[in-house]
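Structure first, then comments.
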Amino acid sequence: MAKRRTRKVQKSSRIIIRVFIILFVLIIAFVGFRYYRRQAIQSEQIRQEQLQRQEQREKILRQHKAFINKIGPIAKSVDKSYDLLPSITVAQACLESNYGQSALAQKYNNLFGVKGTNPNTSAILSTQEYVKGKRINVKARFQIYDSYEASIRAHAELFQKGTSWNGKQYRHVVTAKNYQNQARALVQDGYATDPNYADKLINLIKQFDLEKYDK
């Protein structure tokens with residue numbers, strides 16, 4: 001009887017151990033499934049976010065190129081009479097109007113942030129300027145134009161005629177023979193308050209091959 005009872009105990013113990021092992025394996029499998037499922041979901045979310053960012057970058061790039069394709073021929077046609085390089089004009093328009101997306105460009109065709117004084121042909125808007133090396137928000141009156149061409153022509157005439165207080169204000173700009181020198185001359189002659197303005201223009205010209213409009 002004792003041996004039979006011992007065998008029953010041993011058999012019951014083996015069954016319990018097997019059940020425990022099976023349960024342990026099932027728990028491990030369940031935990032592993034949950035972990036890898038979570039990893040798969042996270043990986044898919046990351047992949048989708050990367051695709052969305054890539055699509056957004058491509059969309060923005062298409063918008064930038066469309067703007068450049070629109071104003072490039074205008075700049076080339078206008079600037080040839082003013083000793084200016086179209087590549088510089090296009091780069092300035094891209095930088096200063098955020099590729100035509102600024103309120104000034106969209107509402108008033110003002111691509112270069114040109115200020116105005118006549119209330120009948122100008123509007124007051126907020127803008128950012130560099131003062132003593134710091135970028136600050138200011139309100140100013142800006143010129144209204146009928147078209148991009150009118151804005152580009154006024155921009156070219158500014159460099160050719162200079163300012164009301166100095167007719168030779170931009171003498172280094174109009175005498176520069178390549179876009180690198182003309183970009184730096186804009187800073188030298190006081191056109192831009194941004195200390196990195198020239199480098200930004202040069203980088204834009206290289207990025208979008210804007211030098212093709214100079215030929």
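All of the numbers you see were taken from the coordinates with simple rules; none came from a lab. Because the structure is predicted, anything quoted here is derived from the model rather than measured. Virtual Cβ from ideal backbone geometry, glycine too; neighbours counted across all protein chains shown.
For this structure, a couple of remarks:
- Listed by chain and number, the aspartates and glutamates whose C-alpha is less than 20 Å from the C-alpha of LYS107, apart from same-chain residues fewer than 8 away, are GLU96, ASP146, GLU149.
- Each label was represented as a point 7 Å from its Cα along the Cα-to-Cβ direction; for ARG135 and LYS161 these points are 3.2 nm apart.
- Rounded tilt (10° steps) of 197-207 against the dominant C-alpha axis of the chain: 70 degrees
- Once the Cα-Cα distance is subtracted from the 0.36 nm per residue extended length, the SER13 to GLN52 segment shows a gain of 8.3 nm.
- Simple spin-label estimate for LEU23 and LYS80 in nanometres, 7 Å along Cα-Cβ: 8.9 nm
- Modelled FRET efficiency - R0 45 Å, THR117 with GLN45, Cβ distances, 0.05 increments: 0.25
- Burial ranking of peptide ranges 55-67, 108-120 (average Cβ count within 10 Å, highest at the top): 108-120, 55-67
- Computed from the C-beta positions of ASP146 and ASN98 and an R0 of 22 Å, the FRET efficiency is 0.60 to the nearest 0.05.
- Fraction in percent of alpha-carbon pairs per bin - 10 Å, the range 71-214: 12, 42, 39, 6
- Ranking TYR191, LEU158, TYR36 by Cα position along the charge dipole of the chain, where only Lys, Arg, Asp and Glu carry charges on their C-beta atoms, puts TYR36 farthest toward the positive end.
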